[in-house]
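Working notes, structure below.
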Amino acid sequence: HIRYDDTPLSHLLTIEPALRERVLIINGVSKTYAMTGWRIGYAAGPSDIISAMATLQSQSTSNACSVSQAAAVAALNGDQSFVGESVKVYKQRRDRCLELINAIDGLSCIKPEGAFYLYVNCAALIGKTTPSGTALHADTDVVLYLLESQGVAVVAGTAYGLAPFFRMSTATAIETLESGCARIATAVAALR
């Protein structure tokens, strides 16, 4: 897991073990092992639910290819020492982006405890107008403006049920992130 502090990971079953037959745990190898394109996940839970999931999976997607399955097994069973190093790099990127985003008037972001995404609050930009005269009515307008004016691709929070925010990935080189944040700052400063 990508977690940035030593706070114990809370889970429903540590609080109420009696719910074991009613809880399904779903995870994947995409983030921790940098295998986003492999599309491999796994689940643990009551056998009747897992069996039904396996039946559905086999009919809907014909299962993951054997190479992807073997790669996921190797990742899960292999040396895990690199995960800690990766988390340190992700933490540096997160912290730098937080510093830059929170310095932009009209944007704010709370420090995430894990993952390599920031959910940036852009509520203060709603109602503003772009230099071309287009009003920003929603986070979807904000992300389109950032893309068209500065070439910065972020995802509207609406896609995740989290408006008015946008999701920004920090899974790239720090120089690229700094450039992107500078371009976001330029775009926001141009609003009226």
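The values are calculated or read from the model by the stated rules, or taken from the named source; none is laboratory data. As the structure is a computational prediction, the values presented were derived from the model and not from experiment. Please note: Cβ atoms are built from the backbone with ideal geometry, for glycine as well, and neighbour counts cover all protein chains shown.
Taken over segment 103-116, residues that are surrounded by fewer than 19 Cβ atoms within 10 Å (Cβ to Cβ) and within 18 Å of the chain's Cα centre (by Cα) amount to 7.
Results for (1) of a type in the set (A, V, I, L, M, F, W, C); (2) out of contact with any helix residue (DSSP H, G or I) (no Cβ under 6 Å at 6 or more places or on another chain); (3) modelled with pLDDT of 95 or more, shown as yes or no for each residue.
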| position | (1), (2), (3) |
| --- | --- |
| Ala103 | yes, yes, yes |
| Gly106 | no, no, yes |
| Asp139 | no, no, yes |
| Gly161 | no, yes, yes |
| Thr176 | no, yes, yes |
| Gly180 | no, yes, yes |
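Looking only at residues of segment 3-57 that are among the β-branched types (Val, Ile, Thr) and touching a Ser or Thr at 6+ places or on another chain (Cβ under 6 Å), we find that the one that is farthest from Glu113 (Cα to Cα) is Ile40.
Scanning segment 84-110 for residues that are more than 17 Å from Thr176 (Cβ to Cβ) and free of Cβ contacts under 8 Å to residues at least 60 places away in the same chain yields Gly84, Glu85, Lys88, Asn102, Ser108, Cys109, Ile110. Before we move on, is Val143 of a type outside the set (Gly, Ala, Ser), surrounded by 13 or more Cβ atoms within 10 Å (Cβ to Cβ) and not in a helix (DSSP H, G or I)? Judged against the criteria, Val143 is not a match. Looking at segment 43-68, which of its residues are on the phi > 0 side of the Ramachandran plot and assigned to a helix (DSSP H, G or I)? Those that are on the phi > 0 side of the Ramachandran plot and assigned to a helix (DSSP H, G or I): none in segment 43-68. Which ones in segment 163-189 are farther than 13 Å from Arg93 by Cα, of a type outside the set (S, T, N, Q) and exposed (fewer than 15 other Cβ atoms within 10 Å of the Cβ)? Result: Ala182, Ala189. If only residues of segment 19-49 that are surrounded by 13 or more Cβ atoms within 10 Å (Cβ to Cβ) and aliphatic (A, V, I, L, M) are counted, the one that is modelled with the lowest pLDDT is Ala34. Of everything listed in (1) basic (Lys, Arg); (2) assigned to a loop (DSSP other than H, G, I, E, B); (3) out of contact with any helix residue (DSSP H, G or I) (no Cβ under 8 Å at 6 or more places or on another chain), the single unmet condition for Lys91 is (2). Of everything in segment 27-81 that is touching a His at 6+ places or on another chain (Cβ under 9 Å) and in contact (Cβ under 8 Å) with a residue 24 or more places away in the chain, the residue that is nearest to Ser169 (Cα to Cα) is Lys31.
Inside segment 1-39, residues that are over 23 Å from Asn77 (Cα atoms), part of a loop (DSSP other than H, G, I, E, B) and not acidic (Asp, Glu) make up a count of 3.
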